[in-house]
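Data first, discussion second: the structure below is written as structure tokens.
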Amino acid sequence: MTHSSATLPAVQALIFDMDGTMIDSMPSHAQSWQAFAAQHGLSIDMPDLMRRTTGRNGAECMRELFQRDMPDDEAWTLIADKERLYRELFGPIFTEVAGFKTFSEQALAKGLKVGIGTAGDQDNIAFVLSHLQLPSAPHAVVGGDEGLPGKPEPAIFLEAAKRMDTGASACIVFEDSPFGIEAARRAGMRAVAICSTHTPAQLAGAHVLASVRDYNELMNSKFLENLHVATS
């Protein structure tokens, strides 16, 4: 784990990506991509597909998979089928990234706002929240099917900050993908790299405060206690 102890702007909100960051879902996503591609007679290079799609919204993912332009209605219909496969696979083995619920509750207890900024659609968001059963609802939830471009564009994170009435520089993004880390940088936000699917080197950046395997590492390092948290 690495983190900076330099004096930084006061923090008001934490924004969490969902897949691979809140929940350990990326292996099931990969399996569902494989099954979906087979149904459509496609042979795919899975690591390459995951590199090109992780963090993108559903329509963008389908255009990447089929390597052609397609109307939005076709793209969203296809991704709905793929995501149903994902939920069928992951539901029976649903697992959070270790320590997430405890960490998020500790953040709330310190007066921080907590938001979700994901490329996942509303069905996947509802699926995750129903399984996690968070004691407190997030202050804002932004999904990838709300008409915003996916990561590495910063729109999803900026919208989450807007809904929490928080400036970008007062937000810390938690992400597991290179596109997500880059989206945080473009948004003018600091980030924490959750290395559930990538290495710290793959998620590096001057704006990255910490690189950890899970939230237990953050809690053990007193990450929240060391933050300069804004007070109202």
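The values are calculated or read from the model by the stated rules, or taken from the named source; none is laboratory data. Given the structure is predicted, the values throughout are model-derived calculations rather than measurements. Quick reminder, even Gly has a Cβ in these numbers, built from the backbone with ideal geometry, and neighbours come from all protein chains shown.
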Q | Any pair with Cβ under 6 angstrom, 6 or more apart, that starts in the stretch 204-232 at a residue that is within 17 Å of Lys113 (Cα to Cα) and ends at one that is surrounded by fewer than 16 Cβ atoms within 10 Å (Cβ to Cβ) | A | Leu224/Lys110; His228/Ala10; Val229/Lys110; Ala230/Ala10
Q) Going by the structure shown, is Ile116 at pLDDT 95 or above and surrounded by fewer than 20 Cβ atoms within 10 Å (Cβ to Cβ)? A) no
Q: Return the only residue of Gly58, Gly20 being surrounded by 21 or more Cβ atoms within 10 Å (Cβ to Cβ), at pLDDT below 95 and not basic (Lys, Arg).
A: Gly58
(Q) Among the listed residues Ile172, Ile125, identify the single one that is touching a residue at least 24 places away in the same chain (Cβ under 8 Å) and under 29 Å from Trp33 (Cα atoms). (A) Ile125
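Quick grid of which residues meet (1) basic (Lys, Arg); (2) within 13 Å of the chain's Cα centre (by Cα):
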site	(1), (2)
Asp145	no, no
Arg163	yes, no
Ser169	no, no
Glu175	no, yes
Ser196	no, yes
Pro200	no, no
Val208	no, no
Asn220	no, no
Q.
I'm checking my understanding of the structure. Among residues of the stretch 88-122 that are out of contact with any Gly (no Cβ under 9 Å at 6 or more places or on another chain) and of a type in the set (Asp, Glu), which one is farthest from Pro149 (Cα to Cα)?
A. Glu105
